[in-house]
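Peer 1: Structure incoming, see below.
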C-alpha cells in the first residue's frame, strides 16, 4: 500500500511534469492553464493544491473556469494522458455504471433562456452570501421571473429537470421538466463532480444554494434537495471517492439522515458539526450571510474539526462505559436481580444475560418463571413479562394465591374465613404496588423494535437501568409462518442477544423440550433436549432444564411434586444440578430444596 507521503510526492511530481511552467508557492502550484486556449478562453491560471496533509491534495481548478476542477484522474482525462501513469492508478477499477435510459428530449434551451433572465437584482441576491457571477454561470443558474432555477445536468451533459425555488422562501418550490429525474436517486445537483473527484475529496450538502457558497470558495461538491433524499442515492456512486464531507442543515432530522447515509458509506464520511447554539435549520448560506468576511475561515474550521464517521464508540467513551458497568454491578439495582432463592443465586449469581429455561409440558416452568419474575418486581425492579401461554388474569390470580396462600378457587368464590381475608387483603395491597414494576404483555405482534421501546419506557417509569425481560415462551414468539419456525426462533435469539448487549437487560426465556424416543422427557438433561433451535447453545449465557420427578400427565391426589433444575450449559458456571423445587400446591409457588 502506498503511504500518504509517498502518494503526495508522486502527485507533486505528476503535476510538475505536466505543468512545466508552473511554480510552487507553499502548498499551491500555479501556472498557465493548459485548457483555456482549446476552449476559446483567454489564458488563465491553473491552481493545484499539493499540501501533503490536505484532504484536497491533488485538486486543481482553473481560475478562469474553462473546465470543471477535479483531482488527478480528471486532469489526466482532460489532458489525454495515459491513465496508467496517474499516481494511484488501479487497473482493476470498474467505473460506476447507472442503467438509465435518457429520454430524447431535454430542457437545455429552457435553462439557457433562464440564465439570460438572471437580473442584476438576483445577482445581488446571491452576492449577499458571497456567490459571484462566475459560479452562477459555471453551474448555469437561472431565473424565470419568479423562481430561481437550479438545473440538474446528468453525466451526458443534458438537463432533463430543474429545481425551481422561491427566493427567501425555500418552502415554495417545484420541479420543472421530467419529474422522473427528481426522484429515485437522480436528484443530485452538480452530479458530474462525483466523477471529477475520483481519488479525492467531495462535499455533500443539503440544498443547492449552500453548494454555491462552497463552490465560490473553490471546493468541489454536490447537493441534494433535502437530507431525506440521501436515502434514495446509490452508495456505490461514491466508491472511488476517498473522503466525503457532509454538511447538512442544523436539525435532528438532517443529522439523522446523514448518519444513516454514513453508516453505509463508512469511514470515508466526515460529518461537519454545527455549534449547538445555532438555530434550527441553520445552513451554510446563512453562515455566509451572517459573516461573509470570515465565512471561509469558519468553513475551514469545521472541516478541520470534522471526524471520520465511525461505527465504534470512542476509546475514551468505551472505557467510561466499562467503568460504569463495574460500578453498576455493585449497585442496589443490579443486586436486586437476585432471585432470593439461595441455591439458584449461588449457582448462577442471579438473572443476568440470557437465561433459557426448558421444561416439559405441565412441568411448572411457567409457574416457576412467574415466581422468579414477580419476586424481582416486589423488590421494585422493572420486569417485562411477555406472556403467550397463560393470560394476564391467570398470572395475577396465581401470584395473588402464592402471596396470600389462599387457593385460586377460594379467591374467585370469595368464600373465605377471617384469617384468609386478612392474608388476601395484604397480598392484594402488595400486588397492586408490584404492578408498577411488573408489566404483562400479550401482544402477539411483538417485534424487536417494540420490545426495545417497552424496555426504554419501563426504565423511564421505574428510574431503574436494570430490567428483567421474561418470555413465555420462545416458541410462541411471532414469525412469518410455521414452516419458518426453526429459522424464526434462531432469528429471535439473535435479536435478544442484540438487546442484551445494547440495553444491558437480563432475560429469562422459557422454552419447550423435544420428546425423547421413548416419548418421555426425563433422563439425563442435555442441550439436545431443547426444541427447534440449534442456536440456544451459542446464545444462552445459561441454559437450564426443569424436570419433574413426578408424572405431569397423571398427577395422583396428594402426591408431592418435586422438580429438579439442571444447568446444562453456561458461559461462566459449571453444569450440574442446581437445586430441587417442591410445588406448594395449590398456592402456585415453589419452595427451594438443597440438591
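Every read-out reported here was derived from the displayed coordinates using simple, explicitly stated rules and does not represent laboratory data. In this text the structure is predicted, and so the values were computed from the model without any measurement. Here Cβ is always computed from backbone atoms with ideal geometry, including for glycine, and neighbour counts include all displayed protein chains.
Peer 1: Using the beta-carbon distance between residue 577 and residue 491 and R0 = 41 Å, what value does 1/(1 + (r/R0)^6) give for FRET efficiency, to the nearest 0.05?
Peer 2: Here the calculated transfer efficiency is 0.80.
Peer 1: Shifting gears a bit: Averaging over every viewing direction, what projected area does the convex hull of the Cα atoms of segment 140-192 cover, in nm²?
Peer 2: Orientation-averaged projected area of the Cα hull: 3.7 nm².
Peer 1: Further question: Calculate the spin-label point distance for residue 20 paired with residue 53, positioning each point 7 Å from the Cα along the beta-carbon direction, and give it in nanometres.
Peer 2: 3.5
Peer 1: Same structure, new question: May I ask you to compute the full-extension gain from residue 442 to residue 329, defined as 0.36 nm times their residue separation minus their alpha-carbon distance, rounded to one decimal in nm?
Peer 2: Stretched out fully, the residue 442 to residue 329 stretch lengthens by 37.6 nm.
Peer 1: For the chain, find the longest principal axis of its Cα atoms and tell me its angle to the long axis of helix 392-404, 0 to 90°, nearest 10.
Peer 2: Its long axis makes an angle of about 50 degrees.
Peer 1: What ranking do 283-289, 344-350 get when scored by the average of other Cβ atoms within 10 Å per residue, highest first?
Peer 2: Averaged packing, sorted descending, gives the order 283-289, 344-350.
Peer 1: What ranking do 39-51, 462-474 get when scored by the average of other Cβ atoms within 10 Å per residue, highest first?
Peer 2: Peptide ranking by packing, descending: 462-474, 39-51.
Peer 1: Let me ask you something else. By how many nm would the segment from residue 273 to residue 362 lengthen if fully extended, with 0.36 nm per residue of separation less the alpha-carbon distance?
Peer 2: 26.2 nm
Peer 1: Run through all the Cα pairs of segment 348-545 and give the fraction in each 5 Å bin from 0, expressed as whole percent.
Peer 2: For segment 348-545, the pair-distance distribution reads 1, 7, 15, 18, 19, 15, 11, 8, 4, 2, 0.
Peer 1: Looking at the chain from every direction and averaging, what is the projected area of its Cα convex hull in nm²?
Peer 2: Projected area, direction-averaged: 37.6 nm².
Peer 1: Here's a follow-up. Between helix 208-217 and the chain, what is the angle of the helix's C-alpha long axis to the longest principal axis, kept within 0 to 90° and rounded to the nearest 10?
Peer 2: Taking the Cα atoms of the chain, the angle to 208-217 is about 60 degrees.
Peer 1: Report, to the nearest 10°, how far helix 4-18 tilts away from the longest principal axis of the Cα atoms in the chain, using its own Cα long axis and a range of 0 to 90°.
Peer 2: Rounded to the nearest ten degrees, it is 20.
Peer 1: Please list log₁₀ I(q)/I(0) at q = 0.11, 0.15 Å⁻¹ for segment 108-308, using the Debye equation with identical point scatterers on the alpha-carbon positions.
Peer 2: Debye output, listed in q order: -0.47, -0.92.
Peer 1: Measure off 7 Å from each Cα along the Cα-to-Cβ vector at residue 405 and residue 128, then give the distance between these two points in nanometres to one decimal.
Peer 2: Simple spin-label model gives 8.3 nm for this pair.
Peer 1: Let me ask something additional. Pop the C-beta distance of residue 291 and residue 115 into the FRET formula with R0 = 22 Å and round what comes out to the nearest 0.05.
Peer 2: Efficiency computed from Cβ-Cβ geometry: 0.15.
Peer 1: Compute the separation of the alpha-carbon centres of segment 1-62 and segment 169-238 and state it in Å as a whole number.
Peer 2: Centre-to-centre distance over Cα atoms comes out at 26 Å.
Peer 1: Sticking with this one: Please give the length that would be gained between residue 138 and residue 6 if that part of the chain were fully extended, namely 0.36 nm times their separation in residues minus their C-alpha to C-alpha distance (nm, one decimal).
Peer 2: Once the chain is fully extended between residue 138 and residue 6, it gains 44.1 nm.
Peer 1: Among 238-245, 309-316, what's the highest-first ranking by average C-beta atoms within 10 angstrom per residue?
Peer 2: So the peptides 238-245, 309-316, ranked by packing, come out 238-245, 309-316.
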